[in-house]
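Colleague: My questions will all concern the structure given below.
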Amino acid sequence: MRFELTKDFLEELRLEIKKQNSEWITEKVLGLHFADIAEIIDELNNDQAKYIYYLLDEDQQADVLMELEEEVRDRFLKSLSSKEIADQLENLDSDDAADILGELSDKEIQEVISHMEDDDAAEDIVDLLNYDEDTAGGLMQKEFIQANLDWPVDRCLVELRRQAEDVEQVYTIYVVDRLNKLVGFLSLKSLLFAQPKSKISDLYSHKNIISVKTTDSSEEVARVMDKYDLVTVPVVDFQNKLVGRITIDDIVDIIKEEADKDFQIASGISEKVEANASIWRSSRSRLPWLLIGMFGGILGAQVISSFEGGISEIPALAFFIPLITAMGGNVGVQSSAIVVQYLAKGSQFTNIFKRVSKEAMLGLLNASICSSIIFGIAALFENTTLAIVVSVSLFVVIVFAAIIGTLIPLILNKYKIDPALATGPFVTTLNDVIGLFIYFSVGMLLYNM
């Protein structure tokens with residue numbers, strides 16, 4: 001049955017923790033899924049969290065620790081000594097342990113590593129810390145199952161049992177040669193039905209080997225795993241030697257982080273900000289785009305003021321300013337969002353060109369429909385000349401906005417700038433200014449002013 005955290009449950013839990021009623025907590029909490037336990041701990045203060053955490057067994061502790069909200073986990077770890085952190089890391093997969101250590105200072109990392117009793121685990125973690133966290137090397141874990149090309153089946157089974165002690169999830173058996181170079185994969189079925197003295201070289205598959213390099217970006221890894229429907233992908237170095245694997249759960253986390261980042265950028269937040277960030281840091285992340293929007297508004301005001309004479313003669317022109325700016329901004333954001341989506345999927349230029357062409361045609365269609373509707377409304381409530389001005393302006397604005405919305409993300413992407421910027425205040429502000437200029441220029445032209 002799915003657990004649902006309630007306010008009453010939390011109040012009762014806090015009371016039982018205060019009483020140090022471990023029996024009640026064991027019955028009501030420790031039997032839950034580790035994700036549910038983490039959700040509970042997220043709502044507790046540090047002392048309460050530590051009380052529950054140390055009632056868990058080692059495997060539960062590792063799973064719960066990685067499920068905690070980032071700020072909760074950071075606060076929790078800061079309350080532990082270097083020896084206590086080292087003890088926790090030895091229960092984690094190497095990639096998770098490296099992620100946690102990566103948040104500490106160099107001095108703290110050295111202290112924690114010095115307290116680790118498992119030298120092999122410590123060596124794996126230190127090796128992972130040498131890679132950029134946004135690359136395949138920074139994402140991979142050192143725990144995986146491999147078989148040597150020259151092994152007979154009976155030896156392979158013994159070796160795999162030994163290796164499996166350190167591997168929580170066995171997805172794939174990788175096959176390597178004497179130089180530890182990845183040469184293929186071995187299915188569990190073929191291994192189980194093989195004769196004891198058969199060689200792995202007679203059983204493995206060497207076709208369609210999909211792997212990633214340690215220097216590949218996390219976005220490239222996500223694209224590869226998505227394209228080939230992989231739950232795990234091997235990581236090799238420049239000599240094609242097998243050095244690790246990346247599992248789907250880590251890629252899901254990357255996809256979520258990228259989606260959050262793009263959403264923040266599109267909303268006008270220039271850097272990642274946690275919920276508990278200081279007011280100054282939150283302001284720093286938002287202020288640049290607010291200033292861009294403000295200066296865009298000033299430019300818009302300048303455009304309006306330059307046509308002040310025309311507005312004073314035909315005040316009705318001012319009625320449709322909000323319409324022009326709103327439609328230009330909406331169309332631009334819609335078009336740029338589609339292009340950003342295609343870029344994020346790693347689409348080839350030919351596919352993107354087709355998308356841009358389609359957006360242009362869509363812009364013409366939408367412009368025709370919207371301008372026709374606004375012509376009828378403006379003619380009904382105002383006059384025919386004004387209706388023509390508004391409808392023609394709206395048509396041109398929508399077409400221009402669609403073009404701008406498709407081109408800007410492509411230009412940003414070409415210069416290695418996150419194209420998600422195009423779906424935020426940047427495009428909206430630009431379309432506002434251009435839209436106002438088009439609107440008043442058409443108005444002055446048709447009114448012979």
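Read the figures in this text as sums done on the coordinates, not as results from a lab. Model, not experiment: these values are computed from the prediction. Counting neighbours? That spans all protein chains shown, and the Cβs are built from the backbone with ideal geometry, glycine included.
Colleague: Using DSSP H assignments, which helices in the chain have an axial alpha-carbon span of 24 Å or above and a mean Kyte-Doolittle hydropathy of -0.5 or higher? Mind dumping the intermediate values first?
Modeller: Details: long enough: 248-266 (27 Å, -0.14); 279-306 (39 Å, 0.64); 321-344 (34 Å, 1.18); 349-381 (47 Å, 1.13); 384-414 (45 Å, 2.23); 425-446 (31 Å, 1.55).
Span-like helices, by this rule, are 248-266, 279-306, 321-344, 349-381, 384-414, 425-446.
Colleague: Want the number for ASP106 to SER205: 0.36 nm per residue separation, take away the alpha-carbon distance, what's left?
Modeller: Details: separation 99, 0.36 × 99 = 35.64 nm, distance 4.32 nm.
Roughly 31.3 nm would be gained on extension.
Colleague: Expected output is a single nm value to one decimal: the length gained when fully extending between ILE417 and LYS213, i.e. 0.36 nm times separation in residues minus the C-alpha distance. What is it?
Modeller: On the way: separation 204, 0.36 × 204 = 73.44 nm, distance 2.32 nm.
Here the segment from ILE417 to LYS213 would lengthen by 71.1 nm.
Colleague: Springs between alpha-carbon atoms under 10 Å, Gaussian network over the chain: tell me which of ILE311, ILE41, ILE100 tops the mean-square fluctuations.
Modeller: In the Gaussian network model the winner is ILE311.
Colleague: Oh, and also: In a Gaussian network model over the chain where Cα atoms closer than 10 Å are linked, find which of ASP93, ASP118, ASP237 has the largest mean-square fluctuation.
Modeller: ASP118
Colleague: Tell me what the chain gives for mean residue ellipticity at 222 nm when only DSSP H runs of n ≥ 4 count, each as -39,500 (n - 2.57), the sum divided by the residue total, rounded to 500 deg cm²/dmol.
Modeller: Values: 21 runs with 285 residues, N = 449.
So the calculated ellipticity at 222 nm is -20500 deg cm²/dmol.
Colleague: Evaluate Rg over Rh across segment 279-446, taking Cα atoms for both radii and Kirkwood's formula for Rh. Don't skip to the answer; put the middle values down first.
Modeller: Working: Rg = 17.4 Å, Rh = 16.9 Å.
Ratio of gyration radius to Kirkwood radius for segment 279-446: 1.03.
Colleague: In what sequence do ILE324, ILE40, ILE125, ILE403 fall when counting other Cβ within 10 Å, fewest first? Let's see the in-between values first.
Modeller: On the way: ILE324 23, ILE40 20, ILE125 27, ILE403 17.
Fewest-to-most ranking of ILE324, ILE40, ILE125, ILE403: ILE403, ILE40, ILE324, ILE125.
Colleague: Another one. What's the center-to-center distance, using Cα atoms, between segment 151-221 and segment 353-398 in Å?
Modeller: 61
Colleague: Over 29 Å between Cα atoms, which of LYS181/LYS354; LYS78/LYS256; LYS18/LYS256; LYS78/LYS241; LYS18/LYS142; LYS83/LYS213 qualify? Don't jump to the answer; show the numbers that get you there.
Modeller: Values: LYS181/LYS354 41 Å; LYS78/LYS256 26 Å; LYS18/LYS256 37 Å; LYS78/LYS241 37 Å; LYS18/LYS142 41 Å; LYS83/LYS213 34 Å.
Where the Cα-Cα span goes over 29 Å, the pairs concerned are LYS181/LYS354; LYS18/LYS256; LYS78/LYS241; LYS18/LYS142; LYS83/LYS213.
Colleague: Another question, then. When only C-alpha pairs under 8 Å and at least 6 residues apart count, what is the relative contact order of segment 279-446, in percent? Provide the component values of the computation, followed by the final result.
Modeller: Numbers: 194 pairs, mean separation 64.8, N = 168.
Over segment 279-446, the number comes to 39 percent.
Colleague: Nearest 0.05, what FRET efficiency do GLU133 and ASN448 give at R0 = 51 Å with Cβ-Cβ as r? Walk me through the intermediate numbers first.
Modeller: Working: r = 63 Å, r/R0 = 1.24.
Here the calculated transfer efficiency is 0.20.
Colleague: For MET140, MET66, MET444, MET327, which order do you get if you count the other beta carbons within 10 Å of each Cβ and list the fewest first?
Modeller: Values: MET140 26, MET66 19, MET444 16, MET327 23.
Listing MET140, MET66, MET444, MET327 from fewest to most nearby Cβ atoms yields MET444, MET66, MET327, MET140.
Colleague: Under a crude label model (7 Å from the Cα following the beta-carbon direction), how far is MET294 from ALA316 in nanometres?
Modeller: 3.8
Colleague: While we're on this one: What full-extension length gain, to one decimal in nm, is calculated for SER283 and LEU407 as 0.36 nm per residue of separation minus the Cα-Cα distance?
Modeller: Working: separation 124, 0.36 × 124 = 44.64 nm, distance 3.00 nm.
Working it through step by step, the gained length comes to 41.6 nm.
Colleague: Running a GNM on the chain with Cα contacts under 10 Å, which residue among LYS227, LYS189, LYS256 ends up with the highest mean-square fluctuation?
Modeller: Of LYS227, LYS189, LYS256, the most mobile in the Gaussian network model is LYS189.
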